Amino acid sequence: MDTNAQAEVLLVDDEEMVITSVRAFLMLETEYNIHGFTSPEQAVKHMETHPVDVAISDYLMPKMNGIQMLSKAKDLQPEAARILLTGHADKQSAIRAINDVGLYHYLEKPWDNAQLLLIVRGAIERTQLLRRLQSMVSQLDDAHDSLKDIQTRLIKAFL
Amino acid sequence: MDRPTEVQNLEHEIATLREQMIAMNRLFSVGQLAAGVIHEINTPIASIFSNIEVLQKSLDVLERQMQDTATPKARQIVETMRSLLAVDRVACERISAIVRSLKTHARAGDEEFRDTAIEQLLDDSLRLIQADVKNRVTIQTEYEALPPVQSIPHLLGQAFLNILVNAAQAIPGEGSIIVRVKKQGDFAVIEIEDTGVGITIDCKNRLLAGGFTTKPLGEGTGLGLAISRQIVVDRHGGSLDFESEPGKGTTFFVRIPLRHQPAGEA
């Protein structure tokens, strides 16, 4: 069983069959919650209200391509890892994706399940570490603030 | 030469060129269609591949769950499913290999030199002609160990494919094609030998120039070898020669430098 059980995985592909296949595989191997969307717009809407650990998106989709989708994902939840899973492997789109969207990984179809699992696992771990770091930093900030407060009160008390 | 004959010759030449142009255009459209089809096939293949793996693993889990409680019939069903999945996987791998081969050849616009496994490139081209000659021509490969060669893979693949298609078409009934790869100094040497009809002396000289074909209309543009020569000689700084004996067969020799020397530095 995974250490990062109960992770939230967002999967976007206009082909239902890809979602079904990846979901079946991840459900067999992990305890992740998989949220599949054939419409990138709905995937973005989901991210507005639900934190995800990793967003995996196809590239060529009607209305919104994978880079646009992941760029919105980055705006909404910058710490969530982003993966492009594409059958349309042209170099320009890959470079753009890596540079503009800060991609965690670029995967080509047909994908290798073992590799996909390794990458998704790494992505989730990274996101969860980032979130823990963020919460620790904010705890540290709070502690620092209250320390400052105590210091001010102490100084006031002695003056 | 008197003028009417000259005009007639020129008219004939124009007609031939026009036919070639139409044939080229058709090939170009087919090529573009193929590139689109490859992309379309990729996703369903990926899906099937993944599903086969998931089903195989699910069967393992199922078998563990059944343990001693399963009836012989249930066991037999699980075994049948397992063997069918194994067949599906092999079938899928074959489709996938063909698609990969086509992909190598359809990467137009990509003009970068990269380290290439020549053997793989030849296998890709052989896989494509295999479907055409399956029960007629036996294909044999003799590859010596070779370091990666700097090439523009889809172009070099096209050159190999042209020569292989010619070899296959030169064999009227049954015959064989032998492909050898050797290293000679700083060059990779690829020999493609066929047991076809051979090339007559008259044809020899006109062959590499382009615009010459003995094939029926619609089967050849007469440009295959000229294009191959351009790819091998002009683009890769190699050489393309052949030896032929009418009635016995032809061997093509492609020499490609292992390291690419950009123009002006050679």
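The values are calculated or read from the model by the stated rules, or taken from the named source; none is laboratory data. Note that the coordinates shown come from a computational prediction; the quantities given were computed from them, not determined experimentally. Reconstructed Cβ throughout: ideal geometry from the backbone, glycine too, with neighbour counts over all protein chains shown.
Could you list, ordered by first residue, the pairs with Cβ atoms under 7 Å in which the first is in the stretch B:153-167 and over 16 Å from B:THR104 (Cα atoms) and the second is of a type in the set (Asp, Glu) and at pLDDT below 90, at least 6 apart or interchain?
The qualifying pairs do not exist here.
Restricting to the stretch B:49-86, name every residue that is in contact with a Ser or Thr (Cβ under 8 Å, 6 or more places away or on another chain) and either of a type in the set (A, V, I, L, M, F, W, C) or over 30 Å from B:ALA97 (Cα atoms) (or both).
Filtering the stretch B:49-86 down to residues in contact with a Ser or Thr (Cβ under 8 Å, 6 or more places away or on another chain) leaves B:49-51, B:54.
Result: B:PHE49, B:VAL54.
Scan the stretch A:5-35 residue by residue and report those that are surrounded by fewer than 20 Cβ atoms within 10 Å (Cβ to Cβ) and more than 20 Å from B:GLU53 (Cα to Cα). Even if it seems obvious, please write down each step before you answer.
To start, the set of residues in the stretch A:5-35 that are surrounded by fewer than 20 Cβ atoms within 10 Å (Cβ to Cβ) comprises A:5-6, A:8, A:14-17, A:20, A:23-24, A:27-29, A:31, A:33-35.
A:ALA5, A:GLN6, A:GLU8, A:ASP14, A:ASN33, A:HIS35, listed by residue number.
Would you say A:PRO78 is in a loop (DSSP other than H, G, I, E, B) and in contact (Cβ under 8 Å) with a residue 24 or more places away in the chain?
no
I'd like the full set of residues that are exposed (fewer than 13 other Cβ atoms within 10 Å of the Cβ), facing another protein chain (nearest Cβ under 10 Å) and hydrophobic (A, V, I, L, M, F, W, C), limited to the stretch B:25-75.
Correct list: B:VAL61 only.
Here is a check on your reading of the model: is A:ILE150 in contact with a strand residue (DSSP E or B) (Cβ under 9 Å, 6 or more places away or on another chain) and more than 14 Å from chain B (Cβ to nearest Cβ)?
No: the conditions fail for A:ILE150.
Counting only residues that are over 27 Å from B:GLY175 (Cβ atoms) and either charged (D, E, K, R) or buried (at least 21 other Cβ atoms within 10 Å of the Cβ) (or both), how many does the stretch B:239-261 have? Spell out the reasoning first.
First, pick out the residues of the stretch B:239-261 that are over 27 Å from B:GLY175 (Cβ atoms): B:257-261.
Filter again for either charged (D, E, K, R) or buried (at least 21 other Cβ atoms within 10 Å of the Cβ) (or both), leaving B:259.
Qualifying residue count, the stretch B:239-261: 1.
Any chance the stretch A:57-72 includes a residue that's within 26 Å of A:MET27 (Cα to Cα), in contact (Cβ under 8 Å) with a residue 60 or more places away in the chain and surrounded by 15 or more Cβ atoms within 10 Å (Cβ to Cβ)?
No, the stretch A:57-72 contains no residue that is within 26 Å of A:MET27 (Cα to Cα), in contact (Cβ under 8 Å) with a residue 60 or more places away in the chain and surrounded by 15 or more Cβ atoms within 10 Å (Cβ to Cβ).
How many residues does the stretch A:12-31 contain that are under 14 Å from A:ASN113 (Cβ atoms) and more than 12 Å from chain B (Cβ to nearest Cβ)?
The qualifying residues number 1.
I'm trying to understand the selection: among the residues of the stretch A:103-159, which are closer than 25 Å to A:LYS72 by Cβ, in contact with an Asp or Glu (Cβ under 9 Å, 6 or more places away or on another chain) and among the polar types (S, T, N, Q)?
A:THR127, A:GLN128, A:GLN134, listed by residue number.
Return a yes/no flag: does the stretch A:36-48 have any residue that is buried (at least 20 other Cβ atoms within 10 Å of the Cβ), without any contact (Cβ under 8 Å) to a residue 60 or more places away in the chain, within 11 Å of chain B (Cβ to nearest Cβ) and in contact with a Phe, Trp or Tyr (Cβ under 9 Å, 6 or more places away or on another chain).
no
Report every pair of residues separated by at least 6 positions or lying on different chains whose Cβ atoms are under 7 Å apart, first residue within the stretch A:92-112 and within 14 Å of chain B (Cβ to nearest Cβ), second surrounded by fewer than 20 Cβ atoms within 10 Å (Cβ to Cβ) and part of a loop (DSSP other than H, G, I, E, B).
A:GLU108/A:ALA89
A quick yes/no check of all residues on (1) touching a residue at least 12 places away in the same chain (Cβ under 8 Å); (2) not in a loop (DSSP other than H, G, I, E, B):
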residue	(1), (2)
B:ILE77	no, yes
B:VAL87	no, yes
B:SER96	yes, yes
B:LYS103	yes, yes
B:ASP123	yes, yes
B:ASP132	yes, yes
B:ASN135	no, no
